[in-house]
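For reference, the structure is listed below as structure tokens.
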Amino acid sequence: MNDPTRASELSANQPRPIGSLVDRFGRIHTSLRVSVTDACNIRCTYCMPEKVLGFLPQDRLLGFDSIVRMVRVLVGAGVRKVRLTGGEPLMRPNLSQLVERLSAICGLEQIALTTNGMLLSDQIDGLVAGGLTHINISLDTLREPAFRQISRRDGLDRVLEGIQAAVESPLHVRINALLLRDINLEDCLPLVAYARKLGVVLRFIEFMPLDANRSWNLTQVVSGAEIRRLVEGQFGALVPQDRADASQPSRDFHFSDGVGGIGFISPVSEPFCSSCNRLRLTADGKFRNCLFGKQEWEVKPLLEPSPGQVGCTDEELLAVVKACVDHKHASHGISDSDFQPPARAMYQIGG
Ligand code: SAM
Ligand code: SF4
């Protein structure tokens, strides 16, 4: 097989490496996204409803001991990268302690965080000291009114403060932006100029049907190709970067003057399911094999048995995750005529 990313062409009957997380299509799972909370301090229209009936209570959240154990088991099965997310992960109390405990796991190469940046400047020192290696900060606009319209809250200045703190830290920093055609398409070029000034890579993510309002509509999606045309019109031809990691969802480019970098994550217009290496663990302790999956595999009762019940072995935990991997579909199916979005929205799954 010349192209390892063409998983759909791999035989479902190929022998699987023992202990590793390989699905029916030959995709090897080395990346785990851990949601640590479904709570958030803003209310992005493309993610959350305006009014939330309630976030998960503390006792329904997977505890740090359980997360650390689960990650250790999965590192033993080939996972090399963990990304902490949410909801807003910085709303989980003592997150830096979790980072510190994860960083002690032998074999885990990257501990990354995705955040809206609102609480970042206060927490960054603890996260860096704990061993965080990478951070993605979401920023969709540089205009306060548009920030308020998108997030239904104030606070752009705090996000920018957080980005500044990250840039001055030793972390690998990226900015994630999502453009909605009728709201912030005009922010595309100013965001590029801003990221270039900071010397930070900016990635545009296409709007996916994962919003709680169920208002996703193809007309609002601004494709990566369209954004690329806009950017090239202003900043000149983009130079493709070699894909060092085939499972990387982003198509990354340099600017011809060498300043900054840009990437396009285009799950709607150019799905990358065939090279997906990601698993997800929700804040309430359920494994998912895809953002758009309909099924979840619960581990919280195994990790945190009720009084009088017996705990589980690491092998039992791994068996649940393997069942989850075994049921992964070839693709997310967004463009199928019978596509239905999952019951949970992005903030409840973990982006
Ligand atoms: N609260 C953190 C943040 O906003 O960065 C982490 C969780 S958030 C769900 C992770 C990422 O998902 C953000 O970059 C956000 O823009 C993206 N996101 C949320 N809803 C989305 C949607 N419907 N389609 C595409 N990306 C989405
Ligand atoms: Fe909160 Fe992130 Fe969802 Fe925005 S995208 S509402 S910041 S979880």
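How far is it, in nm, from the label point at ASN213 to the one at GLN234 when both lie 7 Å from their Cα along the line to the Cβ?
Distance between label points: 2.5 nm.
For the chain, give me the percentage of DSSP beta bridges that are antiparallel, rounded to the nearest 5 percent.
The antiparallel fraction comes to roughly 30 percent.
Taking only DSSP H segments of four or more residues, each worth -39500 (n - 2.57), what value at 222 nm results for the chain once the sum is divided by all its residues, to the nearest 500 deg cm²/dmol? Write out the running numbers ahead of the final one.
Working: 11 runs with 101 residues, N = 351.
So the helix-based figure for the chain works out to -8000 deg cm²/dmol.
Can you list the trypsin sites (Lys or Arg not before Pro) in region 98-198 that are in a DSSP coil and have 16 or fewer other beta carbons within 10 angstrom?
In loop regions of region 98-198 (DSSP not H, G, I, E or B), the sparsely surrounded trypsin sites (Lys or Arg not before Pro) are ARG143, ARG152, ARG153.
Would you kindly enumerate the cysteines in the chain that have no other Cys beta-carbon under 4.7 Å from their beta-carbon?
Flagged as lacking a Cys partner: CYS40, CYS106, CYS188, CYS273, CYS276, CYS290, CYS312, CYS324.
Between ALA330 and GLU298, 0.36 nm times their residue separation minus their Cα-Cα distance comes to what?
Gain on stretching ALA330 to GLU298: 9.3 nm.
Rounded to whole Å, give me the distance from the Cα center of region 306-333 to that of region 215-288.
Using only Cα atoms, the two centres lie 30 Å from each other.
State in Å² the accessible area per residue of the chain; use a 1.4 Å probe, count heavy atoms of protein chains only, and round to the nearest integer. Show your work: numbers first, answer last.
Details: 15790 Å² over 351 residues.
Solvent-accessible surface per residue comes out at 45 Å².
Considering the zone a paramagnetic label at VAL68 would reach in this model (a point 7 Å from Cα along the Cα-to-Cβ line), which residues of region 74-106 have amide N under 13 Å from it?
Counting backbone N atoms under 13 Å from the label point, the list is 95-106.
Which is farthest toward the positive dipole end of region 214-298 among LEU279, VAL268, GLN295, measuring Cα position about the Cα centre, with Cβ charges +1 (Lys, Arg) and -1 (Asp, Glu)?
GLN295
When the Karplus curve 6.51 cos²θ - 1.76 cosθ + 1.60 is applied with θ = phi - 60°, which whole-Hz ³J(HN,Hα) does each residue of region 47-56 get, with x for Gly and Pro?
Along region 47-56, the couplings run 10, 10, x, 5, 10, 9, 5, x, 8, 4 Hz.
Give a residue-ordered list of calculated ³J(HN,Hα) values for region 25-40 (Karplus: 6.51 cos²θ - 1.76 cosθ + 1.60, θ = phi - 60°; whole Hz; x for Gly, Pro).
10, x, 7, 9, 9, 10, 10, 10, 9, 10, 7, 9, 6, 9, 6, 8
Spelling out what I want: for every residue of region 238-254, take phi, set θ = phi - 60°, compute 6.51 cos²θ - 1.76 cosθ + 1.60 (Karplus), and round to whole Hz; glycine and proline get x.
Couplings: 8, 9, x, 8, 5, 7, 5, 10, 5, 7, 5, x, 8, 8, 9, 9, 9 Hz.
DSSP loop (so not H, G, I, E, B), at most 14 other Cβ within 10 Å: list which GluC sites (Glu not before Pro) in region 15-117 pass both filters.
Passing both the DSSP loop test and the Cβ count: GLU50, GLU109.
With +1 on each Lys and Arg Cβ and -1 on each Asp and Glu Cβ, how big is the dipole of the chain about its Cα centre, in debye rounded to the nearest 20?
It works out to roughly 360 debye.
Of the lysine pairs in the chain, how many meet both conditions: Cα atoms under 30 Å apart, and a spacing of 8 or more in sequence or different chains?
17
Between GLN149 and ARG80, what length in nm is gained on full extension when 0.36 nm per residue of separation is reduced by their alpha carbon distance? Present the calculation step by step, with values, prior to reporting the outcome.
On the way: separation 69, 0.36 × 69 = 24.84 nm, distance 3.76 nm.
Value of the extension gain: 21.1 nm.
Sequence-distant or interchain residues sharing an amide H contact under 5 Å with GLY351, placed H: which?
It is GLY86, GLY87, by chain and number.
Rounded to the nearest 0.05, what FRET efficiency do ASP122 and ALA319 give with R0 = 51 Å and r taken as the Cβ-Cβ distance? Could you check?
Working from the Cβ atoms, E equals 0.80.
For region 139-236, what is the charge dipole size about the Cα centre, in debye to the nearest 20, if Lys and Arg each add +1 at the Cβ and Asp and Glu each add -1 at the Cβ?
About 120 debye.
Determine the dipole magnitude for region 204-276: charges of +1 sit on the beta-carbon of Lys and Arg, -1 on that of Asp and Glu, nothing else is charged, the reference point is the Cα centre, and the result goes in debye to the nearest 20.
Details: 5 positive and 9 negative charges, 32 e Å.
That gives a dipole near 160 debye.
Would you be so kind as to identify which of LEU160, LEU191, PRO342 lies farthest towards the positive end of the dipole of the chain, taking Lys and Arg as +1 and Asp and Glu as -1 on Cβ and the Cα centre as origin?
PRO342
Would you work out what percent of the accessible area of the chain, with all protein chains in place, is carbon or sulfur (probe 1.4 Å)? Intermediate results must be reported in sequence, preceding the final value.
Working: 8000 of 15790 Å².
Exposed carbon and sulfur together represent 51 percent of the surface.
The values are calculated or read from the model by the stated rules, or taken from the named source; none is laboratory data. None of these values were measured; they are calculated from a predicted model. All Cβ positions, even for glycine, are placed from backbone atoms using ideal geometry, and neighbour counts span all protein chains on display. Areas reflect the complete protein model, heavy atoms only, side chains present, ligands, DNA and RNA absent. Shrake-Rupley method; radii C 1.70, N 1.55, O 1.52, S 1.80 Å.
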